[in-house]
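I have placed the structure first, in the form of structure tokens, so that the comments after it can refer back to it.
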Amino acid sequence: MTRILVVEDEPGIALGLEDDLKMEGYEVEVAGDGVTASRRAREAGFDLILLDVMLPGKDGFEVCRELRRAGLRTPILMLTAKAQEAEKVMGFELGADDYVTKPFGTRELRARIKALLRRAAGERETERYAFGEVEVDFTRGELRRNG
Ligand code: CA
């Protein structure tokens, strides 16, 4: 099952996202602050991270930077409150894959999530190499034995 980490501190929005994504068939975990988000993203193998910018503890930019520095390549979709170009550019520079501006429509969000998951799946195909018995999945940073 495709797993999504929703990082959002506003309970109403977090719940709405959780319900909507579960209806779409995704497995969803919610983190309400940047510190928890950063930890969970590295502990558990998510397929996508929905990351709000304005968060208590650490903001979304900081979380994004941390995860990329740690080598995590999970697709990150940032939720930005303001349609400010500087904010979007900064997100991309820190390693985010896409963004949606709040308030967002659920249909747009769903479409962007699907597009990112498709892209990531395509990249995994080309980035998984097998060395004899050992397979390296660079996307997830995994090393495992074949068969
Ligand atoms: Ca927020």
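The values are calculated or read from the model by the stated rules, or taken from the named source; none is laboratory data. Just so it is clear, the structure is predicted and the values come from calculations on it, not from any experiment. No Cβ is skipped: glycine too gets one built from the backbone with ideal geometry, and neighbour counts run over all protein chains shown. Ligands, DNA and RNA are excluded from the accessible area calculation, which covers all protein heavy atoms including side chains. Shrake-Rupley method; radii C 1.70, N 1.55, O 1.52, S 1.80 Å.
E29 passes every criterion in (1) over 14 Å from I4 (Cα atoms); (2) more than 16 Å from the ligand (Cβ to nearest atom); (3) touching a Phe, Trp or Tyr at 6+ places or on another chain (Cβ under 8 Å) apart from (1). Being part of a helix (DSSP H, G or I) and within 12 Å of the ligand (Cβ to nearest atom) is a property that A41 lacks. Scanning region 26-44 for residues that are within 18 Å of I113 (Cα to Cα) and open to solvent by 40 Å² or more (accessible area, probe 1.4 Å) yields a count of 3. The single condition from (1) more than 12 Å from the ligand (Cβ to nearest atom); (2) surrounded by fewer than 14 Cβ atoms within 10 Å (Cβ to Cβ) that A81 fails is (1). For A14, the conditions (1) more than 13 Å from the chain's Cα centre (by Cα); (2) open to solvent by less than 20 Å² (accessible area, probe 1.4 Å); (3) modelled with pLDDT under 95 all hold with the exception of (3). Scanning region 72-89 for residues that are modelled with pLDDT under 95 and part of a loop (DSSP other than H, G, I, E, B) yields a count of 5. In this structure, is G91 away from the ligand (no atom under 12 Å from the Cβ) and of a type outside the set (A, V, I, L, M, F, W, C)? Yes.
Would you mind stating whether G25 is on the phi < 0 side of the Ramachandran plot and not charged (D, E, K, R)? Considered against the rule, which asks whether it is on the phi < 0 side of the Ramachandran plot and not charged (D, E, K, R), G25 comes out as no. When region 46-58 is filtered for residues that are open to solvent by 40 Å² or more (accessible area, probe 1.4 Å) and more than 10 Å from the ligand (Cβ to nearest atom), the ones remaining, listed by number, are G57, K58.
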